[in-house]
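Participant: Please read through the structure below; I'll follow up with questions.
The values are calculated or read from the model by the stated rules, or taken from the named source; none is laboratory data. Here the structure is a predicted model, which is why all the values come from computation and not from measurement. Here the Cβ positions follow ideal geometry from the backbone for every residue, glycine too, while neighbour counts run over all protein chains shown. Ligands, DNA and RNA are excluded from the accessible area calculation, which covers all protein heavy atoms including side chains. Shrake-Rupley method; radii C 1.70, N 1.55, O 1.52, S 1.80 Å.
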Amino acid sequence: MFQWLFKFPRAVFARGELVFLSSWPTWALLLACLVGAAALAAVIIRQLPPGAARAHRARAAVIWLLQSALVSLLLVLLWQPALSVSQLKSQQNIVAFLIDDSRSMRLEDEGASREAEAVATLQGGVLDAVARRFQVRLYRLDQGIARIDGLKELRAEGAATHLSAGLRELAAETAGLPLGAVVLLSDGSDNGTGVDAEALAPLRERHIPVHTVGFGRERARQDVELDDVELGARALADARVAAVVRFHQYGYAGRQTRLSVRDAGKVLASMPVSLEADGTEQSQRVLFDVGAAGVKSLQFALDLLPGEENGSNNALSRLLDVDADQRSVLYVEGEPRWEYKFIRRAADDDRMLRLVSMLRTSENKIYRQNVRDPGELAQGFPTRAPELFAYQGLVIGSVEASYFTPAQQQLIRQFVDRRGGGLLLLGGRYALADGGWGAAGLADLLPTILPDAHDTFHVDPATVELTEVGADSPITRLTDDAASNIQRWKKLPYLMDYQDAGVPKAGASVLANLNADGRQMPLLVTEPYGRGRTAVLATSGTWRWQMSLPLGDPSFDTYWQQLLRWLVTDAHGPVVASVERPEIHDDGHALLAAEVRDADYELVADAAVEAHVLGPNGLAARLPMQPVWDAPGQYLLEWQAPQAGDYLTEVVATRRGQPLGRDVVYFRRLDGVAENFHTEQNRALLERIATLTGGRYWRPRELSRLADEIDLSSAGISARESRELWDMPAVLLLLLGLPMLEWLVRRLWGVV
Amino acid sequence: MKRRRAITVIGLLALSTAVWAQFGGLRSFSTPPITTDVSPTDAKHEFAWSRLRYNAAYGSDYGGYGGYFYGYGGRFSGAWSRDYPKADIVFLAALRRLTRVDARSYQQVVDLDSDDIFNYPFVYAVQVESWTFTEAQAKRLREYLLKGGFLMVDDFHGTVDWEHFLTGLRMVLPAESYPITDLSDDDEIFHVLYDIGHRIQVPGEQYVVTGRTYEKDGYVPKWRAIRDDKGRVIVAICHNMHLGDAWEWADDSEYPEEFASMAFRVGIDYVMYSMTH
């Protein structure tokens, strides 16, 4: 119908540019139209009787509009309108057909596999129609492209689909050839690095349109698919870790399934999950104990439900490096207190924590506990960075700010800001505002603005309650369920004392409040600071939980172990290595990064950094990492993992032969797994590729017009031609229709 | 008739003994020489010296009250309050003077009939050869110790006292799980604040009269302990010595200073240990 009315297909109008073949200027056309309309208006107004009714004037306006439209149309035709379009020269251009040959194309949607449907579509006249005007090249596409002689060579056995890589390869292979267009037949199930404008740049620069043809259902009928698992790369041994599992489903809304976490077959966690509406992306937090140190390959899985179309997309694995290195916390206490004793006992029960303490027992004596050797802290609080930075966490109890020299205060700041350590200040007679911390140089380090007052510490009972943030915090989590956690905290015995910690700063998180003396005040407040973190706990009376709760109740120990672990977990050594993706799918491309610092935790730009890679089947490689020129202390390595399996990489940094530090990261290459996921047709991706390149997204049944559309391309060898529009049937209809319409309305209104 | 006469004689003897004790006995004082502040403000301190009031093995209740019986005796009546309250008050004065412990200046009496004891993680008991517990009391004391409480026992002497002490103790902590061990010079409990190397027997005030450092057949001082599963001392046992008397009579010119000093240093180290381990 469109082509009948307008003489040319829609694509010609979409790609063409409107031009006027007349030598008269376009502005003259506009002027003529305006003059014509004005003249008609003057004539009509003159014919209107004085004091004509409003309805009369409105009808006259309609008549004027119709006459003006007719005049304007005639004037436009006088200027000879046409469409200027680029058209490929026949038989001088190549059209490349890229056919997705990955395993997802084996999936059957309507009784036939996607691959079979693609082949049938091409053989149903599409290839012949294109071949009549262009040279045709066929390519198989999976992780790259490979030219094929015929469709029979397609096997649908590719372990992955990397659309972006395939299109880049095609652009490179046809760099010197007149490539007029690309036709990509795929389900869009890309598991490479994604497709964006940058990936398509080589084709876009040559104005080569990519026409995409989508195969496969755009949504499954009955399937549960695990989309992603958010899990940190590292954890401390014996930690309770939270992972967020994202998934969606079709066909099972309202049903229940079970989410489980397994380590080498051993179930670490299992919980029921209610499935929401079809297509809704759900997320579920799951908590589990990581257990002993070592690299864990954790499997997150949703139980298979009856009738699922795809049984291979219900599970994902993640690597977790469970760290065995004990973390050291320095606890400085200004007076013997019960809190000190019970904190020590809680830390003693956590083998991952080494709580080293220095306690002022009398005015001139310091009692040290848990020191590694007689020299540790023998001179009191450290005065040099390497001594203090050997710890990952710092707890300051009932100690006046002035107990620390200005240099030591500066060191504490650097400990948090530069070294990335955790600082916890406790309440007490000589703590917080009563200890002069509000006026000290370290006040900005604290997560609260301390009150400008004295006697803020009170040996009076105070009850505690969690905030919403605290209900779900790994520090204050006594039970996994947030609502139960709030109730559990409400039932904790009262604190023996409390302190007014002031007002939380913007950006700080209040995890718990205390109620005392008819007021509510912040009890536990945390805040990130620089590379580290700080916290205030405005009491020294939590020990009462241990003594007052029933024997064996773990609340006190759990709370303190979690708080101390929070202080130190993210305080890394001087060399921190990371890998962009711990699980690399199919392509084997690994991007390793390292941040290198010296003993003072200053960034080192001139280090020699080497990655020692150990892989499957005895693979071993020593690879230098390159410094990033605009980011001092950062080093990168791009590497191709040659085969599927687990890889251990030790990053070693030295400077002028002196060791700076080392770190170990793990990653895994998984081949053929990604292809099981996102198996619905990714139409959005295919449409984006087409839009970005000037092509079009097609359904298979629409492909009969493909050859015509391909014809209109400015890529390859093409010529620009003008297609006149004056003889369009639509124009003739307008020329006849407008006067007839005017006559009709005149008859209707009796104004003939 | 004979029986009634016997009871009358015993009653008169007991009454005269009480009066004798009240007006001096071997030694006594009527007003503690140390000034204490018992105002509500002074109650708000980190540390309170807690004296355990327990049932006497041969009595039906807690027995008498401190200050009535001094020196020998007291085994069958109010044994828990021996040297009370002067010993406690003098010791607290030393603790406040010599350490940074925020201690209340007067003592606290705790018993095992309520959970209030859990607010006082250090507890001191004397003449423990006479103690006994109901099942509920024993359970509460066991839980107290296993949660982190610390018990110091003092002032019992000789073999018979030891056996009686064990009878009560084993109601709380069974022998197979909680053996009693001797403390050595190297034990941390003797080095928290003061390094106590050469330990001497600390006699009670009776030394002034008798010149003996021992009582009954307790010739050798026994510094002993019960530990928890982490090796931390939870019960410190001062057998064949009387630290309480040494604190109480520290200001008596006739009581040797070396005994008082040893008692203070040991007591302070024990308190410090209880607050650090």
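Participant: Write down the Kirkwood hydrodynamic radius of the protein assembly as shown, to one decimal in angstroms, obtained as one divided by the mean of 1/r over all alpha carbon pairs.
Facilitator: Working: mean 1/r = 0.0272 Å⁻¹.
Kirkwood radius, the protein assembly as shown: 36.7 Å.
Participant: Here is a further query. Highest mean first, how do A:737-745, A:398-406 rank when packing is the count of other Cβ atoms within 10 Å averaged over residues?
Facilitator: A:398-406, A:737-745
Participant: Continuing with this model, one more query. Considering the dipole of the range B:63-274 built from charges on the beta carbon (Lys and Arg +1, Asp and Glu -1) around the Cα centre, which of B:Val123, B:Leu141, B:Gln108 is farthest to its positive end?
Facilitator: Of the options given, the answer is B:Leu141.
Participant: A follow-up question, please. Checking the cross-link filter: which lysines have an alpha carbon closer than 18 Å to that of B:Lys147, excluding same-chain neighbours under 8 positions apart?
Facilitator: A:Lys341, B:Lys139, B:Lys230
Participant: Which order do you get for A:Leu603, A:Leu495 if you rank them by accessible area with a 1.4 Å probe, largest at the top? Can you show the working numbers first?
Facilitator: Values: A:Leu603 80, A:Leu495 0 Å².
Result, largest first: A:Leu603, A:Leu495.
Participant: Take every residue in peptide A:365-374, count the Cβ atoms of other chains within 10 Å of its Cβ, and give the average of those counts.
Facilitator: Details: counts 7, 0, 6, 0, 4, 0, 0, 0, 0, 0.
Taking all residues of A:365-374 together, the mean is 2.
Participant: Does the range A:223-323 come out rounded, prolate or oblate, given a ≥ b ≥ c as the square roots of the eigenvalues of its C-alpha gyration tensor, rounded meaning a/c under 1.5 and, failing that, prolate meaning a/b above b/c? Let's see the in-between values first.
Facilitator: Details: a/c = 2.39, a/b = 2.16, b/c = 1.11.
Prolate.
Participant: Given a 1.4 Å probe and the protein chains all in place, what does the accessible area of B:Lys222 round to, in Å² to the nearest 10?
Facilitator: 70
Participant: Across peptide A:355-361, what mean number of C-beta atoms from other chains lies inside 10 Å of a residue's C-beta?
Facilitator: The shielding value for this peptide is 3.
Participant: Report, to the nearest 10°, how far helix A:26-47 tilts away from the longest principal axis of the Cα atoms in chain A, using its own Cα long axis and a range of 0 to 90°.
Facilitator: 70
Participant: Could you provide, to the nearest whole Å², the per residue accessible area of chain A with probe 1.4 Å?
Facilitator: 43
Participant: Right, here's the next one. Going highest first, how would you order A:45-57, A:540-552, A:608-620 by mean Cβ packing within 10 Å?
Facilitator: A:540-552, A:608-620, A:45-57
Participant: Across peptide A:541-550, how many C-beta atoms of other chains are within 10 Å of each residue C-beta, on average?
Facilitator: Mean partner-chain Cβ count within 10 Å for A:541-550: 3.
Participant: What does the C-alpha gyration tensor say about the overall shape of the range B:132-188? Classify as rounded when a/c is under 1.5, otherwise prolate if a/b is larger than b/c, or oblate.
Facilitator: oblate
Participant: Below 30 Å, Cα to Cα, which lysines can B:Lys216 reach? Residues fewer than 8 away in the same chain don't count.
Facilitator: Straight-distance partners of B:Lys216: B:Lys86.
Participant: Restricting to Cα atoms and excluding each atom paired with itself, what does the Kirkwood estimate give for the range A:138-240 in Å?
Facilitator: Averaging 1/r across every pair of different Cα atoms and inverting gives 16.3 Å.
Participant: About the Cα centre of chain A, how large is the charge dipole given +1 on each Lys and Arg Cβ and -1 on each Asp and Glu Cβ? Please answer in debye to the nearest 20.
Facilitator: Charge dipole, chain A, about its Cα centre: 2120 debye, nearest 20.
Participant: How much mean residue ellipticity at 222 nm does chain A get from its helices, if each DSSP H run of length 4 or more adds -39500 (n - 2.57) and you divide by all residues, to the nearest 500 deg cm²/dmol?
Facilitator: -7500 deg cm²/dmol
Participant: Determine the shape class of the range B:141-277: with a ≥ b ≥ c the square roots of the Cα gyration tensor eigenvalues, call it rounded for a/c under 1.5, and otherwise prolate if a/b is greater than b/c, oblate otherwise.
Facilitator: Note, shape of the range B:141-277 comes out oblate.
Participant: Something else: Total Å² of accessible surface buried at the A-B contact, 1.4 Å probe, nearest 100?
Facilitator: 3000
Participant: Now, a different point. Please report, as a whole percent, how much of the solvent-accessible surface of the protein assembly as shown comes from carbon and sulfur atoms (probe radius 1.4 Å).
Facilitator: Here carbon and sulfur together make up 53 percent of the probe-accessible area.
Participant: Rounded to the nearest 20 Debye, what is the dipole magnitude of the range A:327-568 about its Cα centre when Lys and Arg each give +1 and Asp and Glu each give -1 at the C-beta?
Facilitator: 720
Participant: Tell me, how many Å apart are the Cα centres for the range A:199-237 and for the range A:331-362?
Facilitator: Comparing the Cα centres of the range A:199-237 and the range A:331-362, I get a distance of 52 Å.
Participant: Distance from the Cα centre of the range A:366-394 to that of the range A:522-555, in angstrom?
Facilitator: Going from one Cα centre to the other spans 23 Å.
Participant: Same structure again: Which Cα, out of A:Phe300, A:Leu287, A:Tyr252, lies furthest along the positive dipole direction of the range A:223-323 (beta carbon charges, K/R +1, D/E -1)?
Facilitator: So the residue furthest toward the plus end is A:Leu287.
Participant: Of A:Leu686, A:Met728, A:Ala707, which is farthest on the positive side of the dipole of the range A:594-752, counting Cα position, with +1 on Lys and Arg Cβ, -1 on Asp and Glu Cβ, and the Cα centre as origin?
Facilitator: A:Met728
Participant: Same structure, new question: For the range A:654-688 and the range B:181-254, what is the centre-to-centre distance using only Cα atoms, to the nearest Å?
Facilitator: The range A:654-688 and the range B:181-254 have Cα centres spaced 67 Å from each other.
Participant: Using the per-residue mean of other Cβ atoms lying within 10 Å as a proxy for protection, in what order, highest first, do the peptides A:8-15, A:668-675 fall?
Facilitator: The peptides rank, most packed first, as A:668-675, A:8-15.
Participant: Here is a follow-up. Can you give the charge dipole size of the range B:126-181 about its Cα centre, rounded to the nearest 20 debye, using +1 on the beta carbon of Lys and Arg and -1 on the beta carbon of Asp and Glu?
Facilitator: The dipole of the range B:126-181 has a size of about 340 debye.
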